[in-house]
Amino acid sequence: MFVIKKMIGGLLMPLPLFGLFACLMLLLAFKGRKSALFLSTLSLIVLLALSTPFIANLIIQNNEPASLAFNTLKHPKIDKIVVLGCDINPNPALSANNQLGNCALTRLVEGVKLAKHYPNAELIVSGGGYKNTTNSGLMYQTAIRLGVNKSRIFQNPKAMDTGEEAKLLASKLVDFKVALVTSVLHMPRAKDLFNAQGIEVITAATDYHNFAALPWSKQFIPNAHALLVVTQYSHEVVGNIWISLRRWIDPEAL
């Protein structure tokens, strides 16, 4: 079920969705269907548009509020700092930090920063993985290298998605002041899933973007980073739809 969910979700992202649709329409166009040629061209235009910083900024500008970032002045005490997992690139020839993707590394840096500001707080690194390498394991090793005492770090290596992270950690977080660290686009969904487990969290969002700061000469030139951010946003949209569907079928599901 998990693999099927990930495959379907992946195919609904902008690049595979519009790319495959364009290929299908081109195939039909070769068979003499002129409307298919129009639709394939439109699909490629949409894909290119979504890859421009200008369109990417229009999509995310209201979905990355600064209010989700952590403010130490408002919170004199934190008991638990939860860093959610993200992308990894397993390679035993590399150090742990070089096996963490940009998203995971950005989250961990925020978590370590908070751990140093709150020396009595426990740092919880979460996330499963593959090829015998986990998000939590790589974060654990990297956090130690960055100066966090290993006795302060707890790993949650079995969770393969945010829903599982919330469920597996809930019993450990109840009745504590918890700072939740994840990417800003992911934060609303993550907070909702932890709240559903009875855990109130203080948001510590990271991984912000600001395409509006780019010069106009770059605003309308498609680039991979803009498409990546739009894909991340699309992932959250699909994720929220999935949660709503699961809860409609079974209110206790997530």
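Can you tell me the accessible area per residue over the chain, all protein chains present, probe 1.4 angstrom, in square angstrom? Mind showing how you got there, number by number?
Details: 13980 Å² over 254 residues.
In whole numbers, the chain has 55 Å² accessible per residue.
Specify the angular offset, from 0 to 90 degrees and rounded to the nearest 10, of the alpha carbon long axis of helix 187-196 from the longest principal axis of the alpha carbons in the chain.
60 degrees
Where the centroid of each part is defined by its Cα atoms, how far is segment 70-131 from segment 177-254 in Å?
Cα centres, segment 70-131 to segment 177-254: 17 Å.
Around I124, which amide H atoms from residues at least 5 apart in sequence, or from another chain, sit under 5 Å from its own amide H, with H modelled in the peptide plane?
Correct list: I81, V82, V83, F154.
Heavy atoms only, probe 1.4 Å: what % of the accessible area of the chain goes to carbon and sulfur, would you let me know?
Working: 8780 of 13980 Å².
Roughly 63 percent, rounded to a whole number.
How would segment 52-99 be classified by its alpha-carbon gyration tensor: rounded, prolate or oblate, with rounded meaning a/c under 1.5 and the a/b versus b/c comparison settling the rest?
Since a/c reaches 1.5 but b/c is at least a/b, the shape of segment 52-99 is classed as oblate.
How much of the DSSP beta bridge set in the chain is antiparallel, as a percent to the nearest 5? Mind dumping the intermediate values first?
Numbers: 3 of 21 bridges.
Rounded to the nearest five, the antiparallel share is 15 percent.
Under the rule a/c < 1.5 gives rounded, and otherwise a/b versus b/c splits prolate from oblate, where does segment 199-254 land using the Cα gyration tensor?
oblate
What value, in deg cm²/dmol to 500, does the helix sum -39500 (n - 2.57) over DSSP H runs of n ≥ 4 give at 222 nm once divided by the residues of the chain? Provide the component values of the computation, followed by the final result.
Values: 11 runs with 135 residues, N = 254.
Result for the chain, helices only: -16500 deg cm²/dmol.
So who's got an amide H within less than 5 Å of the one on G129, skipping anything under 5 residues away but keeping other chains? H placed 1.01 Å off N, in plane.
Amide H to amide H, under 5 Å and 5 or more residues apart or across chains, G129 pairs with N135.
Whole-Hz Karplus ³J(HN,Hα) for segment 137-142, in order, using 6.51 cos²θ - 1.76 cosθ + 1.60 and θ = phi - 60°, x for Gly and Pro?
x, 5, 5, 4, 5, 5
Could you bin all the Cα-Cα distances of segment 162-243 into 10 Å bins starting at 0 and give me the percent of pairs in each, rounded to whole numbers?
So the P(r) values, bin by bin, are 16, 40, 25, 13, 5, 0.
Mind counting lysine pairs for me in segment 96-177? Cα separation below 16 Å, and the two need to be 8 or more apart along the chain or on different chains. Please list the in-between numbers first.
Numbers: K113/K150; K116/K150; K131/K158; K158/K167; K158/K172.
Total qualifying Lys-Lys pairs in segment 96-177 comes to 5.
How big is segment 109-254 in terms of Cα radius of gyration and Dmax, in angstroms?
Spelled out, the Cα radius of gyration and Dmax of segment 109-254 are 17.2, 51 Å.
For segment 150-254, which GluC sites (Glu not before Pro) pass both filters: DSSP loop (anything but H, G, I, E, B) and at most 10 other C-beta atoms within 10 Å?
Working: sites: E164, E165, E200, E236, E252; in loops: E200, E252.
The qualifying sites are E252.
Go through the chain and flag any cysteine with no other cysteine's C-beta closer than 4.7 Å, please.
C23
Could you work out how far helix 162-173 tilts from the main Cα principal axis of the chain, as a 0 to 90 degree angle to the nearest 10?
10 degrees
Could you give the spread of the C-alpha atoms of the chain along their three principal axes, from largest to smallest, in whole angstroms?
Cα extents, longest axis first: 68, 46, 40 Å.
For segment 156-189, run through the trypsin sites (Lys or Arg not before Pro) and keep only the ones in DSSP coil with at most 13 other Cβ atoms within 10 Å of their Cβ. Present the calculation step by step, with values, prior to reporting the outcome.
On the way: sites: K158, K167, K172, K177, R189; in loops: K158, K177.
Loop-located and lightly packed - K158.
Compute the Cα gyration tensor for segment 98-178, then decide on rounded, prolate or oblate, letting a ≥ b ≥ c be the square roots of its eigenvalues: rounded whenever a/c is under 1.5, prolate when a/b is larger than b/c in the other cases, and oblate in all that remain.
Values: a/c = 1.78, a/b = 1.05, b/c = 1.70.
Because a/c hits 1.5 or more and a/b fails to exceed b/c, segment 98-178 counts as oblate.
The values are calculated or read from the model by the stated rules, or taken from the named source; none is laboratory data. Every value quoted in this text rests on a predicted model; they were computed, and no experiment measured them. When we count neighbours, we look across all protein chains shown, and the Cβ atoms used for this are built from the backbone with ideal geometry, even at glycine. Note: areas computed on protein heavy atoms with side chains; ligands, DNA, RNA excluded. Shrake-Rupley method; radii C 1.70, N 1.55, O 1.52, S 1.80 Å.
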